[in-house]
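First the structure, in the form of structure tokens, and then the observations on it.
The values are calculated or read from the model by the stated rules, or taken from the named source; none is laboratory data. Fair warning: this is a prediction, and the values are worked out from it, not measured in the lab. Cβ: placed from backbone, ideal geometry, glycine included. Neighbour counts: every protein chain shown.
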């Protein structure tokens, strides 16, 4: 049963470069430590060539020309580690979370999908590159051998069964353990390679360095047979980015959002998942707004909330980062943060992507992805609550409805409606306009509203209805259907209206017209 | 002369090569597919609303435009098509339309407040594609405002909807799309139908089903149609005879609660006050 080890060299630097791809070709230095005494903890090859060494202070590192200096960010490291696990889980459910920069996975059964183990290793490597990580890959029948080979060589290194010891013999013994003490002992003995360690007698080694030494001897001989400690797959997809300079405008902010969305979508698609909901959390720079307090006649300051939240719920799972970015932009255009942004945190709720089968001879229905974007654009024109499908409320109040999200019909069919007499249409006047009505003998005879006036030729009513009288917003009204002869500029027209007398407000209103 | 014409033709064709396929050949006019409006008389007159074309229905207030819209929406939503209504003055009545048979969950309602919002939303809808039926309701927008919409806007709408399977329906008080429309209908209300011509009950507290608004009788006339050529004649609408009604259709729209007398039965009617004593059963009369 072969195993694969995936190792991310210079993990701390790669975590930063994954968030800021522009840094990959520049000399980069990572600082950490108690403020303000920051020390250099990681240096990339370009910076090392310039002479930057580990342990330098921030001031000393800044003296090197062109060196990019970043503070260590734990959240970026956690996101990079999660991406590494996602890459492993995209191949096998049997994954061991060995270290922040190392994962091991079981390759059993993958050859039927990808062919040889070399192909599997290449696929794993390219999947990790797609997720922003440059990794070393080692494949062996032995878990520890695969891990040590991944530490030692960029790979992919494939070890044939039974040849583990040959592949390990030339590798330095320091790769076997991260415990510096034991490695120092071996160095004092003159044991520098795994081959030399494997050649030592086990009993003597046990007497000198204890059971830990025996374990290392077994590993160096390529005979270890430990099994994986399986990690449970998580469904937490989170990416964050802390900014050195706060971003104030939407354009540069959307550029950063796009980058995070790309990373999230790549992780999700690697796990064959899609985004159902995105929660965006923007940490804002503390800001103040001056407001004039008239009562006290002095200027007071009003503090903004420090965090801005935005939730984007999608009717169907989406994997397209560009579409998500457009939707987020439209949402932020409608309600933007009130202060510059200094940190972005994005969390995606995953779901299984929908598969849709279209028919050749069926009428087209709106493409769900395009539809969502179009609805967001229309909402930015007419307002969030003014677009959607109406849903009638289960109450007797006239014109009671609410707007709900419009979902395109799954597939257009050829169902035919039974032909029946058409119903008269009604046009609602929102909000209802007040009117003046003249009565004679209990019947309305004349009406004035919206600059119009007319003689009532037919009337039907009053139809009394009331409701919700047990609540504060109770209503009670008498409705009349009127046919009104309205005199226009050129001719006289007959129009039908529905008017109501609001018994609570003691006023007449025109609810709408029959058309 | 002939050779110079041929050379000129060749010159024009070469100049327009890549932009216009064959400038001297008439474009084939295909018979567009049509969808029913749901009103038999109207469907008989115009055949239905053309797909890939702009249909304009105009008329004064209370002339039956909204009834046609609801009927068409009911027909299209019943066919599981995605429908959209761009409502320029937020005048759509969901309750009434559901009673007309519109499946509200298949209807996208865009509640606009003004022409600018309405036309921007309509553009987005048309470019988004996939909708089988899109209606622009300008019925409550003052005609003087709609008149200001430049002709090129209507032309753009026509070009956008062309070669698609979308029915674009515009409701307005006056005709504005002119030649950009594939079908233009003028609707007019002939009369409002009441159960009784004159209300005989003066008392407020007394109701009778005989005093209800039953509906209205409307007529529709083809003003322009690419499929149907109207004979030019002057019509005296006041003295219109049946044989002059070519290109016209009459239809009735009923009130939501309208029930025919046959369906209701005589027993359901309450007697009018003056006849009440006569209609009372003898046993009651004795007690009184």
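Data table
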{"read-out": "Test for residue A:103: is it surrounded by 22 or more Cβ atoms within 10 Å (Cβ to Cβ), under 30 Å from residue A:215 (Cα atoms) and out of contact with any helix residue (DSSP H, G or I) (no Cβ under 8 Å at 6 or more places or on another chain)", "value": "no"}
{"read-out": "Test for residue A:508: is it out of contact with any helix residue (DSSP H, G or I) (no Cβ under 7 Å at 6 or more places or on another chain), within 11 Å of another protein chain (Cβ to nearest Cβ), closer than 24 Å to residue B:61 by Cβ and crowded, with 21+ Cβ neighbours inside 10 Å", "value": "no"}
{"read-out": "Qualifying residue in region B:32-49 (condition: in a helix (DSSP H, G or I) and either under 22 Å from residue B:129 (Cβ atoms) or away from chain A (no Cβ under 13 Å) (or both))", "value": "yes"}
{"read-out": "Matching residues in region A:445-459 - criterion: being more than 9 Å from chain B (Cβ to nearest Cβ), surrounded by 20 or more Cβ atoms within 10 Å (Cβ to Cβ) and within 15 Å of residue A:494 (Cβ to Cβ)", "value": "A:447, A:454, A:456"}
{"read-out": "Matching residues in region B:119-133 - criterion: being more than 9 Å from chain A (Cβ to nearest Cβ) and touching a helix residue (DSSP H, G or I) at 6+ places or on another chain (Cβ under 6 Å)", "value": "B:126, B:133"}
{"read-out": "Candidate set: region A:239-257, residues that are over 20 Å from residue A:267 (Cβ atoms) and in contact with a strand residue (DSSP E or B) (Cβ under 7 Å, 6 or more places away or on another chain); chosen: the one surrounded by the fewest Cβ atoms within 10 Å (Cβ to Cβ)", "value": "A:246"}
{"read-out": "Breaking point among (1) without any contact (Cβ under 8 Å) to a residue 60 or more places away in the chain; (2) part of a strand (DSSP E or B); (3) touching a strand residue (DSSP E or B) at 6+ places or on another chain (Cβ under 8 Å), for residue A:504", "value": "(2)"}
{"read-out": "First in region A:479-498 and facing another protein chain (nearest Cβ under 10 Å) and surrounded by fewer than 18 Cβ atoms within 10 Å (Cβ to Cβ), second anywhere and in a strand (DSSP E or B) and at pLDDT below 90, Cβ under 7 Å, 6 or more apart", "value": "A:493/A:486"}
{"read-out": "Total residues in region B:104-118, condition touching a strand residue (DSSP E or B) at 6+ places or on another chain (Cβ under 8 Å) and more than 7 Å from chain A (Cβ to nearest Cβ)", "value": "1"}
{"read-out": "Region A:233-257, residues that are assigned to a loop (DSSP other than H, G, I, E, B) and more than 26 Å from residue A:103 (Cα to Cα)", "value": "A:248, A:249"}
{"read-out": "Residue among B:8, B:54 that is under 15 Å from the mean Cα position of the chain (by Cα) and either closer than 29 Å to residue B:130 by Cα or in a helix (DSSP H, G or I) (or both)", "value": "B:54"}
{"read-out": "Selection count, region B:50-66, where residues are away from every other protein chain (no Cβ under 12 Å) and closer than 20 Å to residue A:424 by Cβ", "value": "1"}
{"read-out": "Residue selected from region A:394-408 under the condition assigned to a loop (DSSP other than H, G, I, E, B) and under 19 Å from residue B:87 (Cβ atoms), by the criterion farthest from the other protein chains (Cβ to nearest Cβ)", "value": "A:405"}
{"read-out": "Residue list for region A:460-478, filter: crowded, with 17+ Cβ neighbours inside 10 Å and either touching a helix residue (DSSP H, G or I) at 6+ places or on another chain (Cβ under 6 Å) or closer than 21 Å to residue A:438 by Cα (or both)", "value": "A:460, A:461, A:462, A:477, A:478"}
{"read-out": "Residue within region B:79-86 that is closer than 26 Å to residue A:396 by Cα, at pLDDT below 95, facing chain A (nearest Cβ under 9 Å) and in a loop (DSSP other than H, G, I, E, B) present", "value": "no"}
{"read-out": "Subset of region A:203-220 (residues that are over 16 Å from residue A:164 (Cα atoms) and surrounded by 13 or more Cβ atoms within 10 Å (Cβ to Cβ))", "value": "A:205, A:206, A:209, A:212, A:213, A:214"}
{"read-out": "Criterion violated by residue B:136 - all others in (1) at the interface with chain A (Cβ under 9 Å from one of its Cβ atoms); (2) surrounded by 23 or more Cβ atoms within 10 Å (Cβ to Cβ); (3) over 19 Å from residue A:380 (Cβ atoms) satisfied", "value": "(1)"}
{"read-out": "Helices (runs of 4 or more DSSP H) contained entirely in region A:77-192, each with at least 2 residues that are under 25 Å from residue A:13 (Cβ atoms)", "value": "A:117-130, A:143-152, A:180-189"}
{"read-out": "Considering residues of region B:68-78 that are buried (at least 21 other Cβ atoms within 10 Å of the Cβ) and facing chain A (nearest Cβ under 7 Å) only, the residue nearest to residue A:406 (Cα to Cα)", "value": "B:74"}
{"read-out": "Scan of region B:181-202 for residues that are touching a strand residue (DSSP E or B) at 6+ places or on another chain (Cβ under 6 Å) and either more than 11 Å from chain A (Cβ to nearest Cβ) or at pLDDT 90 or above (or both), ordered by number", "value": "B:181, B:182, B:183, B:184, B:185, B:186, B:187, B:188"}
{"read-out": "Residues of region A:397-430 satisfying the condition of being at pLDDT 90 or above and out of contact with any strand residue (DSSP E or B) (no Cβ under 8 Å at 6 or more places or on another chain)", "value": "A:430"}
{"read-out": "Matching residues, region B:139-178, being surrounded by fewer than 20 Cβ atoms within 10 Å (Cβ to Cβ) and at the interface with another protein chain (Cβ under 10 Å from one of its Cβ atoms)", "value": "B:164, B:165"}
{"read-out": "Residue count, region B:91-103 (criterion: farther than 17 Å from residue B:170 by Cβ and facing chain A (nearest Cβ under 7 Å))", "value": "8"}
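Yes or no, residue by residue, for (1) away from every other protein chain (no Cβ under 14 Å); (2) free of Cβ contacts under 8 Å to residues at least 60 places away in the same chain; (3) over 18 Å from the mean Cα position of the chain (by Cα):
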position	(1), (2), (3)
A:338	yes, yes, yes
A:344	yes, no, no
A:352	yes, no, no
A:369	no, yes, no
A:372	no, yes, no
A:384	no, yes, yes
